[in-house]
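The values are calculated or read from the model by the stated rules, or taken from the named source; none is laboratory data. Every value quoted in this text rests on a predicted model; they were computed, and no experiment measured them. So basically every Cβ, Gly included, is an ideal-geometry build from the backbone, and we count neighbours across all protein chains shown.
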Amino acid sequence: MGNKTIQIADTIHGSVKLNSLEKQVISTPIFNRLHNISQNSTAYLTYPTNRTKRFEHSIGTMQLCGNMFMSSVANTKEEIIDNFFVTIESIIDEQINTSLDKYTNYKIKIGDRNFDKSKIIKYKKAKINEEYNKYIPINVKDTHKNLYIILFQAIRLSALLHDVGHPPFSHITEFALKDVWNDIIEIDEETRNKRQKEYVSIMKKYFDTRQDLHEQIGNKITSKVINDIIENLTEEQSKDTTLLEQQLFKVIVAEITSAILEEKKPIFSDLHRIIDGTLDGDRLDYVSRDPLNSGLNVGCIEYDRIIESMKLVKEGDNYLFSPSTKSIDTIEDFFNRRWKLYKQIVYHHRVIKTDFLLQDCIKELAKSYLNVDDSKSKDENSPCENVKILDYNISSIWKAIEDKPSYFYFFNRLIQWDDGWLMAILKKHYFDEYSENFENNISYKLEELLSNKKYYYSLIKRTEDFINIDKAVAISMQKEYHKINRLINEIDKKQKEDKNIKVPLDKILKYASELEETIKNASYESPLPNDGFILRKIDKVYSNLFNDDWLSDIILNCVNKMKKDTTYNIKDAFVVIKKVKVGINGGKNAKQGGLGVYTSVGEYFEVKSFLDLSNVGKSITMEMNLMPLFYLYVFKNNGHEYMDFNKIKIELGTMIGDDVASVIIGELTKLMKI
């Protein structure tokens with residue numbers, strides 16, 4: 001392995017240095033696919049300069065994560081460092097001593113005689129490549145330097161590869177494929193046609209698991225990339241001790257990289273929090289990159305202030321990569337930036353619309369293809385057995401990731417599986433099937449998506465557009481809320497008299513009087529409550545009685561009723577419900593969404609929950625409560641004929657309020673009979 005480093009100029013981080021191993025990774029065709037995978041899906045249709053690709057984001061994440069690990073070790077006490085390295089060393093040694101037989105792919109490349117535990121165990125004393133010396137903190141003992149470098153390199157590679165499995169347009173395609181899956185598995189297995197059975201066969205392994213599709217694809221690509229960077233050694237080359245040590249170094253780095261990304265042990269899960277946590281390299285990069293690339297003049301985070309304060313700490317059974325309380329202002333800035341990114345870009349009403357249009361077009365084209373029963377004819381678009389060129393057909397979106405074909409063909413297809421390829425498919429379907437056929441609403445959706453022609457109007461753009469819907473909900477519920485309260489009080493009385501009756505009323509009782517007062521005083525002239533929309537409160541207060549989607553189902557049902565009512569003159573409409581998150585929970589552990597920050601004065605040292613020291617979570621929650629619960633888009637009949645949008649919103653709110661009251665009363669009545 002040569003010592004040559006390269007530099008990449010980055011808009012956020014300046015000159016980013018990559019060593020020879022990282023250069024090998026970014027030079028693979030499968031990694032270069034990220035040049036054509038959008039970070040923010042269709043945001044560029046609203047913010048034309050937002051052309052961020054996952055390639056540059058991955059480079060930035062690698063830079064930040066490597067620095068976070070290096071600073072955390074540099075600021076840590078000797079005892080904690082020793083215990084940390086000893087734990088990881090024991091895991092590596094155990095694998096070397098007991099499990100070498102399963103690594104046949106490395107044996108083939110390096111040779112049976114070289115892939116021997118007596119040689120691999122020398123990783124602890126092998127000569128360190130000079131390009132790594134500047135990254136070794138002075139407090140790392142000589143006995144741990146090689147292990148530190150292995151971990152440092154594995155962290156950087158894990159960060160570099162963390163997004164490598166994303167489909168075209170990232171999460172949008174993944175959601176569309178999952179929507180199609182959910183529809184097909186509702187069809188009785190015996191009545192599914194040939195194409196539907198084939199879809200289930202291909203996608204079963206991706207959707208019959210808790211792990212997201214992009215993570216599973218990412219693990220496959222990571223294994224391929226790190227396998228490819230380990231060169232085949234000839235018998236003559238294997239006699240070169242330095243060259244052999246370099247190859248064995250790559251093997252261990254490769255395995256640690258996979259262990260981090262797949263969280264194979266608790267300590268690797270702790271390391272993964274540097275890349276995927278509450279305050280991680282991934283988020284730290286995109287909260288600066290995405291707004292700046294969208295044309296928002298917001299500058300960058302003070303990265304050094306957070307990262308250079310970080311320390312590796314032991315908290316219970318976990319190792320935390322914890323920033324100092326001295327950087328709280330900058331951490332608050334990070335969370336505020338993240339919130340503003342979502343509020344201004346991700347949840348911009350037009351971005352939500354174009355994301356939905358793309359997702360719906362993929363879904364509808366896929367279902368149109370899958371609903372054709374060709375069991376008696378030869379399918380021109382047969383499974384991708386030994387096919388390395390992707391067809392320009394909607395079915396290739398899932399056939400690209402069919403896992404039957406050879407290793408070689410599978411990855412050749414994945415290289416083509418990008419934004420440009422998907423847009424070409426949508427254009428082909430549009431011009432072949434829909435450009436002159438406007439009987440199906442998908443024609444209009446494709447045209448709006450591909451040519452920016454406006455058919456669907458946003459009825460809810462900002463907070464003020466949601467106010468009358470929310471007030472209509474409350475006014476509608478006024479006539480029934482006394483009945484709701486009576487049922488609540490009767491159930492509470494009943495369970496106090498009989499301890500065997502247990503109904504989850506705690507949250508309802510806690511907020512009952514406050515909610516009743518808000519609803520009772522609601523009018524179209526009353527100001528918006530300071531603590532947020534009434535509909536959001538209702539969802540929160542009554543969530544214990546229903547499943548997570550109870551309110552979403554009511555909203556969708558009301559919009560569908562409105563679509564069918566010809567008096568509204570609506571050709572088509574859709575609603576997008578957004579469940580907004582603050583971005584941080586209480587506690588210290590990032591795996592549970594918390595963040596631990598340390599304070600240190602002299603001998604005194606303590607790790608505290610960030611939210612115990614900062615009000616940023618509360619302030620974001622207050623803003624979040626004033627965000628619309630859903631976004632409504634309407635396609636008017638008869639072209640541009642006038643439509644009273646405010647009337648539609650008020651009547652929709654009334655329908656929602658009626659249904660919410662009815663559903664709550666129905667559930668409470670059932671509970672009364674327990």
- prompt: Got at least one residue in the range 240-255 being part of a loop (DSSP other than H, G, I, E, B), in contact with a helix residue (DSSP H, G or I) (Cβ under 8 Å, 6 or more places away or on another chain) and modelled with pLDDT under 85?
  reply: no
query: If you take the residues of the range 189-215 that are of a type outside the set (D, E, K, R) and not in a helix (DSSP H, G or I), which of them is nearest to the chain's Cα centre (by Cα)?
result: 211
- line: Exactly one of 27, 15 is surrounded by fewer than 18 Cβ atoms within 10 Å (Cβ to Cβ) and touching a strand residue (DSSP E or B) at 6+ places or on another chain (Cβ under 6 Å), and that residue is 15
task: Please determine, by comparing only the residues of the range 591-601 that are closer than 24 Å to residue 622 by Cβ and surrounded by 20 or more Cβ atoms within 10 Å (Cβ to Cβ), which one is nearest to the chain's Cα centre (by Cα).
output: 595
Helices (runs of 4 or more DSSP H) wholly inside the range 45-143 that include at least 3 residues being more than 30 Å from residue 285 (Cβ to Cβ): 78-98, 104-110, 117-120
statement: Filter the range 515-539 for residues that are modelled with pLDDT of 80 or more and out of contact with any helix residue (DSSP H, G or I) (no Cβ under 8 Å at 6 or more places or on another chain); the one that is surrounded by the most Cβ atoms within 10 Å (Cβ to Cβ) is 536
query: If you go through the range 6-35 one residue at a time, how many are in a loop (DSSP other than H, G, I, E, B), farther than 16 Å from residue 135 by Cα and in contact with a Phe, Trp or Tyr (Cβ under 9 Å, 6 or more places away or on another chain)?
result: 2
- prompt: Restricting the search to the range 595-645, which residues are out of contact with any helix residue (DSSP H, G or I) (no Cβ under 8 Å at 6 or more places or on another chain) and among the basic types (Lys, Arg)?
  reply: 618, 636
- prompt: Is it true that residue 618 is basic (Lys, Arg) and touching a residue at least 24 places away in the same chain (Cβ under 8 Å)?
  reply: no
- request: Please go through the range 460-481 and pick out each residue that is crowded, with 19+ Cβ neighbours inside 10 Å and either free of Cβ contacts under 8 Å to residues at least 24 places away in the same chain or touching a His at 6+ places or on another chain (Cβ under 9 Å) (or both).
  value: 460
query: If residue 220 satisfies every condition in (1) closer than 26 Å to residue 11 by Cβ; (2) modelled with pLDDT under 95 but one, which is the exception?
result: (1)
- request: Select from the range 287-326 the residues that are among the acidic types (Asp, Glu) and touching a residue at least 60 places away in the same chain (Cβ under 8 Å) and write down the one among them that is farthest from residue 266 (Cα to Cα).
  value: 290
message: I'd like to verify a number: residues in the range 393-439 that are assigned to a loop (DSSP other than H, G, I, E, B), touching a Phe, Trp or Tyr at 6+ places or on another chain (Cβ under 9 Å) and of a type in the set (S, T, N, Q), how many?
response: 2
message: Being part of a helix (DSSP H, G or I), within 16 Å of residue 657 (Cβ to Cβ) and free of Cβ contacts under 8 Å to residues at least 24 places away in the same chain: is that true of residue 556 here?
response: yes
query: What single numbered condition from (1) over 25 Å from residue 240 (Cβ atoms); (2) touching a residue at least 24 places away in the same chain (Cβ under 8 Å); (3) out of contact with any Gly (no Cβ under 6 Å at 6 or more places or on another chain); (4) crowded, with 17+ Cβ neighbours inside 10 Å fails to hold for residue 141?
result: (4)
